[in-house]
1. Looking for whichever is over 21 Å from Phe81 (Cβ atoms) and touching a residue at least 60 places away in the same chain (Cβ under 8 Å) here; the options are Phe66, Phe29, Phe52. Which one fits?
2. Among the strands (runs of 3 or more DSSP E) lying completely within the stretch 1-77, list those that include at least 1 residues that are among the acidic types (Asp, Glu) and either farther than 24 Å from Arg168 by Cβ or out of contact with any Gly (no Cβ under 9 Å at 6 or more places or on another chain) (or both).
3. Identify, by number, the condition in (1) of a type in the set (D, E, K, R); (2) surrounded by 13 or more Cβ atoms within 10 Å (Cβ to Cβ); (3) assigned to a loop (DSSP other than H, G, I, E, B); (4) without any contact (Cβ under 8 Å) to a residue 40 or more places away in the chain that Glu110 doesn't meet.
4. If only one of Lys124, Lys160 is surrounded by fewer than 13 Cβ atoms within 10 Å (Cβ to Cβ) and over 14 Å from the mean Cα position of the chain (by Cα), which one is it?
5. Take the conditions part of a strand (DSSP E or B) and of a type in the set (A, V, I, L, M, F, W, C) and apply them to Val135. Does it pass?
6. Among the residues of the stretch 1-26, which ones are in contact with a Pro (Cβ under 9 Å, 6 or more places away or on another chain) and farther than 18 Å from Val83 by Cβ?
7. Hey, among the residues in the stretch 162-183 that are basic (Lys, Arg) and not in a loop (DSSP other than H, G, I, E, B), which one's farthest from Glu89 (Cα to Cα)?
8. Could you grab the pairs with beta carbons closer than 7 Å, sequence gap of 6+ or different chains, first residue in the stretch 159-176 and within 14 Å of Ala118 (Cα to Cα), second one in a helix (DSSP H, G or I)?
Amino acid sequence: MVAKYVDPEGNEVGANKEGELWMAGPNIFCGYWKNEQATADSITEEDGLRYFKTGDVGYQDSNHNFYITDRVKELIKYKGFQVAPAELEGKLMDHPLVNDVAVIGVYHKEQETEVPRAYVVHAKSANDKDADEIVKWIDAKVANHKKLRGGVRFIEEVPKSASGKILRRLLKDKVKQEEEGKTKAKL
């Protein structure tokens with residue numbers, strides 16, 4: 001097997017730099033059955049090898065250990081920067097008012113880009129002052145493009161699958177419903 005991490009432009013990244021995991025070897029499948037577009041999107045020929053683009057985001061450390069930190073599909077794209085929800089979730093879990101959290105990207109019309117929004121299960125009882133405090137707290141700990149420009153919303157429970165994976169699509173559906181409600185209210 002050959003494995004490497006690659007940036008969005010298709011360049012291999014060095015140690016401790018995040019990228020998408022690409023793998024090549026005799027056990028990599030030839031493509032998706034009766035789906036040429038999916039095959040073209042996920043398999044590439046490079047350096048005489050046939051690489052499968054796994055969709056996993058991670059990095060390799062200086063000892064050649066590989067780490068998976070997120071999924072390409074879950075990345076939030078803010079003004080050309082990529083923001084990993086799992087990274088923000090990990091940091092937010094350190095806040096004393098946060099019992100559980102899920103971060104998703106929501107479209108911001110004025111900025112014409114996605115912005116990170118946190119859905120937080122509050123440790124006590126939620127209020128707007130707490131939401132502002134959490135935003136300010138995390139903003140001081142992350143790079144400018146990773147700030148919670150979408151704010152914090154309090155929820156009773158983070159939707160998860162039986163295996164514990166966050167069901168982000170349910171949160172995205174919730175955002176769509178909220179947006180549709182605003183649109184209908186304006187009519």
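The values are calculated or read from the model by the stated rules, or taken from the named source; none is laboratory data. Since this is a predicted model, take the numbers as computed values, not measurements. In this analysis, Cβ positions are derived from the backbone assuming ideal geometry, glycine residues included, and neighbour counts consider all displayed protein chains.
1. Numbers: Phe29 fails: touching a residue at least 60 places away in the same chain (Cβ under 8 Å); Phe52 fails: touching a residue at least 60 places away in the same chain (Cβ under 8 Å).
Going through Phe66, Phe29, Phe52 in turn, the sole match is Phe66.
2. Numbers: elements: 2-6, 19-24, 43-46, 49-60, 66-71.
Strands (runs of 3 or more DSSP E) meeting the threshold: 43-46, 49-60.
3. (2)
4. On the way: Lys160 fails: surrounded by fewer than 13 Cβ atoms within 10 Å (Cβ to Cβ).
Of the residues listed, the single one that is surrounded by fewer than 13 Cβ atoms within 10 Å (Cβ to Cβ) and over 14 Å from the mean Cα position of the chain (by Cα) is Lys124.
5. Numbers: part of a strand (DSSP E or B): no; of a type in the set (A, V, I, L, M, F, W, C): yes.
Answer is no for this residue.
6. Here is the first cut: in the stretch 1-26, the ones in contact with a Pro (Cβ under 9 Å, 6 or more places away or on another chain) are 1, 19-20.
Across the stretch 1-26, the qualifying residue is only Met1.
7. Restricting attention to the stretch 162-183, the residues satisfying the condition of being basic (Lys, Arg) are 165, 168-169, 172, 174, 176, 182.
Going one step further and asking which of them are not in a loop (DSSP other than H, G, I, E, B), we end up with 168-169, 172, 174, 176, 182.
Numbers: Arg168: 13, Arg169: 16, Lys172: 16, Lys174: 19, Lys176: 22, Lys182: 28 Å.
My answer is Lys182.
8. Note: pairs meeting the criteria are Pro159/Leu170; Pro159/Leu171; Arg168/Glu74.
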